[in-house]
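**Q** Take this structure, written in structure tokens, and hold onto it; I'll ask about it next.
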Amino acid sequence: MAEANLPAGYRRLAHDRLGSTNEEAIARARVGDPGRLWVTTVEQTEGRGRRGRVWRSGKGNHHASLLLIDPAPREVAATLSFAAGVALHRALTDLAGPSAGKRLRLKWPNDLLCDGQKVAGLLVEGEALPSGRFAVVTGIGVNCVDHPEIEALYPAGDLAALGIRVDAEQLFLRLAQTFDEEIGIWDGGRGFAATRKRWVERALGFGGPIRVSLPDRTIQGRLETLDPGGRLVVIGADGRRETISAGDVFFGVGA
């Protein structure tokens, strides 16, 4: 049943405790859920990030995943993460104010930083279903009141400790609205040029020094842009442009 406090056509499955909202959303897809389903939980015990990194999170933080069925051609579905990042930045800015919004920066490919600390992560996952359809799940976790002690590329933090007060439930309701709006702009990947521009405006590091750690080498140079596929374009020390589709990214002087 659709909920009055969600955008038209969306539903919500709310839990007190889950291992992973992404896993629950994918499980619902496997048994035929039509999509536009938000899965939320008060506490998440086995959340995961990129490359299988564990992201456990307790009460008072934000844990939600949106299930969509066939939202875009499979080859461009992953670019939905950029729409999600813009939506999250907008929602937090709406709730906490413009001064807080200026401190929040999106970091490629799927993090949100505040004053250099990771306060949120996004994870888009896809799965081909037996029906022939394609399920896409976007998980969004935000450290509203505390943060896990984990090994991460950037130090983890939480909004409350950084002086930004945001209620997790209010954040979810605002995010449900902004994400629906950004999905409309993204338009199944057809509007990614507009989404890309909106993401870059809220992102960290463009025009500045960057270091990218790859499995076989390290690239150092200047971050130039985001290409039409959502990949980073880096100008190396030798002046050559390199396109980065995956890697651990570090910004700043001495990168």
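The values are calculated or read from the model by the stated rules, or taken from the named source; none is laboratory data. Remember, predicted model here, so these are calculated numbers, not experimental data. In this analysis, Cβ positions are derived from the backbone assuming ideal geometry, glycine residues included, and neighbour counts consider all displayed protein chains.
**Q** Could you go through the stretch 84-94 and let me know if any residue there is at pLDDT below 95, assigned to a helix (DSSP H, G or I) and either assigned by TED's automatic domain parsing to the domain that holds VAL137 or surrounded by 21 or more Cβ atoms within 10 Å (Cβ to Cβ) (or both).
**A** no
**Q** Read through the list (1) surrounded by 21 or more Cβ atoms within 10 Å (Cβ to Cβ); (2) at pLDDT below 95, then give the number of the only condition that LYS59 fails.
**A** That leaves (1) as the condition not met.
**Q** Output the residues belonging to the stretch 226-243 that are among the aliphatic types (A, V, I, L, M), out of contact with any Pro (no Cβ under 9 Å at 6 or more places or on another chain) and in contact (Cβ under 8 Å) with a residue 40 or more places away in the chain.
**A** Of everything in the stretch 226-243, just one residue is among the aliphatic types (A, V, I, L, M), out of contact with any Pro (no Cβ under 9 Å at 6 or more places or on another chain) and in contact (Cβ under 8 Å) with a residue 40 or more places away in the chain, namely LEU226.
Yes/no matrix, rows are residues, columns are (1) among the hydrophobic types (A, V, I, L, M, F, W, C); (2) more than 17 Å from ARG198 (Cβ to Cβ):
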position: PRO98; (1), (2): no, no
position: GLY101; (1), (2): no, no
position: PRO109; (1), (2): no, no
position: CYS114; (1), (2): yes, yes
position: GLY121; (1), (2): no, yes
position: PHE134; (1), (2): yes, yes
position: ILE140; (1), (2): yes, no
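**Q** Further question: List the residue pairs whose Cβ atoms are under 7 Å apart, where the first residue sits in the stretch 173-196 and is touching a residue at least 40 places away in the same chain (Cβ under 8 Å) and assigned by TED's automatic domain parsing to the domain that holds ASP227, the second is assigned to a helix (DSSP H, G or I) and charged (D, E, K, R), and the two are 6 or more positions apart or on different chains.
**A** Going by the 7 Å Cβ cut-off, there are no qualifying pairs.
**Q** Of all residues in the stretch 8-24, which are out of contact with any helix residue (DSSP H, G or I) (no Cβ under 6 Å at 6 or more places or on another chain) and part of a strand (DSSP E or B)?
**A** ARG11, ARG12, LEU13, ALA14, HIS15, ASP16, ARG17
**Q** May I pose another question? Go through the residues of the stretch 229-247 one by one and say whether even a single one is under 30 Å from GLY191 (Cβ atoms) and touching a helix residue (DSSP H, G or I) at 6+ places or on another chain (Cβ under 7 Å).
**A** Filtering the stretch 229-247 for residues under 30 Å from GLY191 (Cβ atoms) gives 229-235, 241-247.
Add one more test, that the residue is touching a helix residue (DSSP H, G or I) at 6+ places or on another chain (Cβ under 7 Å), and what stays is 230.
Yes; the residues of the stretch 229-247 include at least one that is under 30 Å from GLY191 (Cβ atoms) and touching a helix residue (DSSP H, G or I) at 6+ places or on another chain (Cβ under 7 Å).
**Q** For the stretch 119-146, give me each residue that is of a type in the set (D, E, K, R), modelled with pLDDT of 95 or more and either assigned to a strand (DSSP E or B) or more than 23 Å from ILE183 (Cα to Cα) (or both).
**A** Initial filter on the stretch 119-146 (of a type in the set (D, E, K, R)): 125, 127, 133, 146.
Narrowing further to those that are modelled with pLDDT of 95 or more: 125, 127, 133.
The answer is GLU125, GLU127.
**Q** Same structure, new question: From the list LEU214, LEU171, LEU175, LEU129, exactly one residue is closer than 30 Å to GLU242 by Cβ and not basic (Lys, Arg). Which is it?
**A** Of LEU214, LEU171, LEU175, LEU129, the one residue that is closer than 30 Å to GLU242 by Cβ and not basic (Lys, Arg) is LEU214.
**Q** Among the residues in the stretch 25-42, are any surrounded by 15 or more Cβ atoms within 10 Å (Cβ to Cβ), modelled with pLDDT under 95 and not in a loop (DSSP other than H, G, I, E, B)?
**A** Scanning the stretch 25-42, I find no residue that is surrounded by 15 or more Cβ atoms within 10 Å (Cβ to Cβ), modelled with pLDDT under 95 and not in a loop (DSSP other than H, G, I, E, B), so the answer is no.
**Q** If you don't mind, there's one more thing I want to ask. Small (Gly, Ala, Ser) and buried (at least 19 other Cβ atoms within 10 Å of the Cβ): is that true of GLY121 in this structure?
**A** It is true that GLY121 is small (Gly, Ala, Ser) and buried (at least 19 other Cβ atoms within 10 Å of the Cβ).
**Q** Then there is this: Take GLY236 and decide whether it is at pLDDT 90 or above and either closer than 18 Å to LEU113 by Cα or not aliphatic (A, V, I, L, M) (or both).
**A** no
**Q** Moving to a separate point now. If only one of ARG190, ARG165, ARG202, ARG241 is at pLDDT 90 or above and either crowded, with 16+ Cβ neighbours inside 10 Å or in contact with a His (Cβ under 7 Å, 6 or more places away or on another chain) (or both), which one is it?
**A** ARG202
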